[in-house]
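Take a look at the structure below.
The values are calculated or read from the model by the stated rules, or taken from the named source; none is laboratory data. Here the structure is a predicted model, which is why all the values come from computation and not from measurement. So basically every Cβ, Gly included, is an ideal-geometry build from the backbone, and we count neighbours across all protein chains shown. Surface areas here come from the heavy atoms of the whole protein model, side chains and all, with no ligands, DNA or RNA. Shrake-Rupley method; radii C 1.70, N 1.55, O 1.52, S 1.80 Å.
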Amino acid sequence: MSTYKVPTMAEMASNGKAPEVLFWVGCAGSFDERYKAVTQAFVKILNKVGVSFAVLGPEETCTGDPARRAGNEFLFQMQAVANIQVMNAYEVKKVVTACPHCFNTIKNEYPALGGSYEVIHHSQFLQQLINEGKVRLQGGGEFRGKKITFHDSCYLGRANNVYEAPREVIRALDVELVEMKRCKTKGLCCGAGGAQMFKEPEPGNKDINVERTEEALATGAQAIAVGCPFCLTMMTDGVKNKNREAEVKVLDLAEMIAKEMGI
Amino acid sequence: MSILYQLAFVLILGAAGYILGKRIKFLRRNILLGKPETRNDQPELRWKTMALVAFGQQKMFKRVIPALLHLLIYVGFLVINLEVLEFVLDGVFGTHRLFAPYLGGAYTVAMNFFEFLAVGVLISCVAFLIRRNVLKVGRLNKPELKGWPALDANLILVIEIVLMLAILTMNATDQILAERGVGNYIDVGPLFFSHFLFPIFEGLSDGFLVFVERAAWWFHIIGILAFAIYVTYSKHLHIFLAFPNTWYSNLKPKGEMKNMPEVTNEVNMMLGIPVENQADPPAEIGRFGAKDINDLSWISVLNAYSCTECGRCTAECPANITGKNLSPRKIMMDVRDRAEEVGKSIDAGGPGLEDGKSLLGDYITKEELNACTSCNACVEACPVNIDPLSIILQMRRYIAMEESGTPSQWNAMFQNMETSFSPWKFSPSDRFNWADKVKESEQSQ
């Protein structure tokens, strides 16, 4: 019996090693009580499968995405340039992250500032592991035959055209994937993007996450799968708002896979 | 036809051409009030995008019923304009149905096809009027359409209906006259649709029929010329600008925000990183972000002039759906209205951009900008690839960097990021604590 390992880039570098892939944890993955469970689940999968990975640990800082979307380009670039310096110093080639906002920023916006990496979202990474047979799902787990709907994250879907990877991961669980009326290119935002996560909504007649949750619940799904920390928060709050938290779970893809793997 | 008619026709044609020319110059200048931006990369993909999205109406088909109705009007517009060529030549040379003798049977087929399209356009326009005014389709009845935009929309539909009726009237009277062997009217063979109008006109005398036929002809051609000029004042400009607008589409991932190199230089200097290109600093550092139309890329202003106010963006906008004071369509309308205002002021020798007004504040409020989730639903929804989001984000940049006017909760988020490198107020030294629990748990085999 061995314990799970979470190597940092610094530890690896001091041993003269470099991992194949950097797992970019993100602020939500590091600090948000609920999303830490996703980070832990993903790290367990990486351990189990034997992926050569490392994290930046205390050296990681916010990508700057919310600052940029709120208009503060200076702050964004301060964060971005510092992160790029760290990643370039470790000669990072490939990055995987469980946050679509980090994914979008590092993939699309860091190159203009001197940081070019192959960046993939954890849904794509999980899909690859499943396709390669590295993650084996026995089926017959707790999700088998259940109705599950997937809520598209805007920064994964429309922003980067990743629609199929998370769905393939869910299908691998031997579940019934049901789509909401507004899905894929027409998916409705959870309400947190564009730095909305960090302020109260503007005056209106409804909260966006409630609107979206109603749509998700209307599918009759027993679980709402997400691939984004902000969506996870918003949809969880939405389900609570509708007093359905006892029957309907909001789960990240990595958590579902880890559960199915029994880890 | 007498030489006088020919002369009158040439004069009208010339006058219309002159006015159109002036209008095109006005629009072009207004669009170029925006900042220069070069977007000529991947020309093959750009032509392809234009062919699919503008010419092929690809994105219209996300909503099938309006797409089919629109397709009929669009094909009618493209094809019936071929007939206009004959109209113009007839007008200039004093001929009648110039192409008929050359095309023979094909002319009959073409005329029948034109009539089919004319009827299609007619039915579609009536359907659109009903959708707008009777069924009151949600996105066509939003507050930003009150007044001129609603009138503009209805006018366009009514004008198109009247123009199509003119074609059918002209063909019907023309064929009755040809049957009667009057003057130089040519029997072009059976015309299916206008034949239904025969009962209305059959009782009329030759002289009166000639009058009706000529009146319909003149009405149609003058109507088309007048409509072409009207279009330059109208949201209907999309019939032309959809093409360049899609050619200049953003081909990058939608999630990418454009970098601000002027900021990068300063950030690098602050972090002690050698700055490239320091030898040639930018000639003038403009504003950060956008306060007015001249701070936006010219492509954003082109976007605004290409917008036909269909409101598919607004119908998909999560902020709008939940009652927030944001409509991406209004953002586009505001940019266009402001460009028009500035353009007119410049032409009148007025202050132009320095009129004490600006896009931010006088047209678009902070509340609207702050309501956006940057979800790209509006960008995805637009049938001609307009990008309202880039305008919103540019304006947020101005508010944050020039006015320090962001909402206080965002300022708190900025402060957290500056001090603890996370949008939340957590100690940076706790960032890696999540791993403790994992490291303690044992791997099962």
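Listed values, structure above:
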| quantity | calculated |
| --- | --- |
| Matching option when the condition is more than 21 Å from A:V38 (Cα to Cα) and more than 14 Å from chain B (Cβ to nearest Cβ), among A:A195, A:A218, A:A223 | A:A218 |
| Search result, residues across region A:53-72 that are at the interface with chain B (Cβ under 7 Å from one of its Cβ atoms) and surrounded by fewer than 24 Cβ atoms within 10 Å (Cβ to Cβ) | A:G57, A:P58, A:T61 |
| Failed item, numbered, when B:G286 is tested on (1) crowded, with 24+ Cβ neighbours inside 10 Å; (2) touching a Lys or Arg at 6+ places or on another chain (Cβ under 8 Å); (3) within 14 Å of another protein chain (Cβ to nearest Cβ) | (1) |
| Check on B:N376, crowded, with 24+ Cβ neighbours inside 10 Å and farther than 19 Å from B:C307 by Cα | no |
| Checking B:T365 against (1) surrounded by 19 or more Cβ atoms within 10 Å (Cβ to Cβ); (2) more than 27 Å from B:F243 (Cα to Cα); (3) β-branched (V, I, T), the condition it does not meet | (1) |
| Residue within region B:415-424 that is part of a helix (DSSP H, G or I) and under 34 Å from the mean Cα position of the chain (by Cα) present | no |
| Extreme residue, nearest to B:F26 (Cα to Cα), among residues of region B:343-365 that are outside any helix (DSSP H, G or I) and of a type outside the set (G, A, S) | B:P351 |
| Residue that is of a type in the set (A, V, I, L, M, F, W, C), out of contact with any Leu (no Cβ under 8 Å at 6 or more places or on another chain) and part of a helix (DSSP H, G or I), where the choices are B:I176, B:I167 | B:I167 |
| Selection within region B:141-160 - over 25 Å from B:I224 (Cα atoms) and not in a helix (DSSP H, G or I) | B:N141, B:K142, B:K146 |
| Boolean, B:K136 is under 30 Å from B:A381 (Cα atoms) and without any contact (Cβ under 8 Å) to a residue 12 or more places away in the chain | yes |
| So B:N265, is it surrounded by 14 or more Cβ atoms within 10 Å (Cβ to Cβ) and either more than 24 Å from the chain's Cα centre (by Cα) or of a type in the set (S, T, Y) (or both) | yes |
| Residues (of a type in the set (A, V, I, L, M), open to solvent by 40 Å² or more (accessible area, probe 1.4 Å) and assigned to a helix (DSSP H, G or I)) located in region B:193-250 | B:I200, B:V210, B:A215, B:I222, B:A226 |
| Hits in region B:313-342 - residues which are within 14 Å of chain A (Cβ to nearest Cβ), in a helix (DSSP H, G or I) and open to solvent by 10 Å² or more (accessible area, probe 1.4 Å) | B:C313, B:A315, B:E316, B:N320, B:I321 |
| Selection status of B:M111, touching a Pro at 6+ places or on another chain (Cβ under 7 Å) and in a helix (DSSP H, G or I) | no |
| Filtered residues of region A:207-244 (kept if touching a residue at least 60 places away in the same chain (Cβ under 8 Å) and of a type in the set (K, R)) | A:R212 |
| Hits in region A:163-198 (condition: over 30 Å from B:L369 (Cα atoms), buried (at least 23 other Cβ atoms within 10 Å of the Cβ) and not hydrophobic (A, V, I, L, M, F, W, C)) | A:P166 |
| Residues satisfying the stated conditions in region B:392-435, i.e. among the small types (G, A, S), open to solvent by less than 70 Å² (accessible area, probe 1.4 Å) and at the interface with chain A (Cβ under 7 Å from one of its Cβ atoms) | B:A400, B:S422, B:A435 |
| Filtered residue count, region A:30-47, keeping only those that are in contact (Cβ under 8 Å) with a residue 60 or more places away in the chain and more than 7 Å from chain B (Cβ to nearest Cβ) | 8 |
| Unique residue being within 13 Å of chain B (Cβ to nearest Cβ) and among the basic types (K, R) when the list is A:K134, A:K146, A:K184, A:K94 | A:K184 |
| Residue match in region B:287-294 (condition: in a helix (DSSP H, G or I) and in the same structural domain as B:A400 (by TED's automatic domain parsing)) | yes |
| Those helices (runs of 4 or more DSSP H) lying entirely in region B:8-105 with at least 1 residues under 30 Å from B:L191 (Cα atoms) and either open to solvent by less than 30 Å² (accessible area, probe 1.4 Å) or free of Cβ contacts under 8 Å to residues at least 40 places away in the same chain (or both) | B:64-93, B:100-103 |
| Every pair of residues 6+ apart whose Cβ atoms lie under 9 Å, when the first sits in region A:1-28 and is under 22 Å from A:F103 (Cβ atoms) and within 14 Å of chain B (Cβ to nearest Cβ) while the second is at pLDDT below 95 and open to solvent by less than 30 Å² (accessible area, probe 1.4 Å) | A:V6/B:V438 |
| Residue selected from region A:85-141 under the condition surrounded by fewer than 19 Cβ atoms within 10 Å (Cβ to Cβ) and of a type in the set (S, T, N, Q), by the criterion nearest to A:E60 (Cα to Cα) | A:Q85 |
| Cβ-Cβ under 6 Å pairs, at least 6 apart or on other chains, region A:62-85 side farther than 14 Å from B:M413 by Cβ, far side open to solvent by less than 10 Å² (accessible area, probe 1.4 Å) and of a type in the set (D, E, K, R) | A:E73/B:R397 |
| Checking A:H101 against (1) over 19 Å from A:G64 (Cα atoms); (2) touching a helix residue (DSSP H, G or I) at 6+ places or on another chain (Cβ under 8 Å), the condition it does not meet | (1) |
